[in-house]
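Have a look at the structure below, then the notes.
The values are calculated or read from the model by the stated rules, or taken from the named source; none is laboratory data. On a predicted model such as this, the values are computed, not experimentally measured, just so you know. For neighbour counting, all protein chains shown are included, and Cβ atoms are generated from backbone atoms with ideal geometry for every residue, glycine included.
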């Protein structure tokens with residue numbers, strides 16, 4: 001990351017926490033957003049070297065009729081196979097990181113949001129200046145996810161067990177929004193954090209300008 005880069009806030013949270021609703025409101029406030037999940041899809045678009053490598057390693061069953069990655073089929077292959085998951089991560093994580101950095105550094109605005117569900121579980125947290133956790137009580141998390149994805153309680157609980165603990169995320173967050181009420185309440189908290197980040201970004205730019213001036 002170069003010294004001229006923008007101030008970067010990493011936004012994370014567990015499944016059903018409201019990350020997308022929060023990042024959408026930051027965007028409405030004029031903040032550029034880089035979404036790690038979107039970047040992860042971009043690096044395996046048809047015609048990319050990464051998709052070709054995945055097809056060669058796992059076989060044609062992971063490619064759908066339109067020539068795109070069948071993510072559900074790939075998940076089934078790697079879910080209980082740690083070695084296969086490690087192979088996949090070693091291929092994709094460097095590509096995702098490089099493209100993410102490119103998008104962060106080209107963002108125009110006082111600060112930029114990096115949305116990533118695995119921000120704290122990967123080295124992506126090293127790219128950001130602050131970590132904003134969208135937090136929600138586990139029972140509400142389960143209910144929202146069941147409603148949104150039409151999954152059973154057992155399926156949602158299995159997903160939660162596979163994610164890092166809520167307490168881990170809370171411990172490593174710089175800022176926390178508790179999203180346990182309605183959308184208006186979430187928006188109010190986002191707007192408060194936005195004002196806070198505008199001030200922090202101003203301080204960041206003042207420091208980096210001084211560094212550049214005297215370097």
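Select from region 61-75 the residues that are at pLDDT 90 or above and part of a helix (DSSP H, G or I) and write down the one among them that is surrounded by the most Cβ atoms within 10 Å (Cβ to Cβ). Quick ask: steps written out before the conclusion?
Going residue by residue through region 61-75, those that are at pLDDT 90 or above are 61-71, 73-74.
If we keep only those that are part of a helix (DSSP H, G or I) too, we end up with 61-62, 71, 73-74.
Working: 61: 12, 62: 22, 71: 13, 73: 14, 74: 18.
Filtering region 61-75 for residues that are at pLDDT 90 or above and part of a helix (DSSP H, G or I), the one surrounded by the most Cβ atoms within 10 Å (Cβ to Cβ) comes out as 62.
Considering only region 119-150, state which residues are at pLDDT 90 or above, assigned to a loop (DSSP other than H, G, I, E, B) and under 25 Å from residue 93 (Cα atoms).
Correct list: 119, 120, 128, 129.
From the residues in region 151-179 that are in contact with a strand residue (DSSP E or B) (Cβ under 9 Å, 6 or more places away or on another chain) and part of a loop (DSSP other than H, G, I, E, B), which one is surrounded by the fewest Cβ atoms within 10 Å (Cβ to Cβ)?
First pass over region 151-179, keeping only residues in contact with a strand residue (DSSP E or B) (Cβ under 9 Å, 6 or more places away or on another chain): 166, 169-170, 172-179.
With part of a loop (DSSP other than H, G, I, E, B) added as a condition, the list becomes 173-174, 179.
On the way: 173: 20, 174: 13, 179: 26.
So, considering only residues that are in contact with a strand residue (DSSP E or B) (Cβ under 9 Å, 6 or more places away or on another chain) and part of a loop (DSSP other than H, G, I, E, B), the one surrounded by the fewest Cβ atoms within 10 Å (Cβ to Cβ) is 174.
Residue by residue through region 102-115, note down the ones that are in contact with a helix residue (DSSP H, G or I) (Cβ under 7 Å, 6 or more places away or on another chain) and at pLDDT below 95.
110
Just one of the numbered conditions (1) in a helix (DSSP H, G or I); (2) more than 30 Å from residue 108 (Cβ to Cβ) is not true of residue 199; which one?
So residue 199 meets the others, but not (2).
Return yes when residue 94 is under 18 Å from the mean Cα position of the chain (by Cα), part of a loop (DSSP other than H, G, I, E, B) and at pLDDT 90 or above and no when it is not. Break it down stepwise before answering.
Working: under 18 Å from the mean Cα position of the chain (by Cα): yes; part of a loop (DSSP other than H, G, I, E, B): no; at pLDDT 90 or above: yes.
So residue 94 fails the test.
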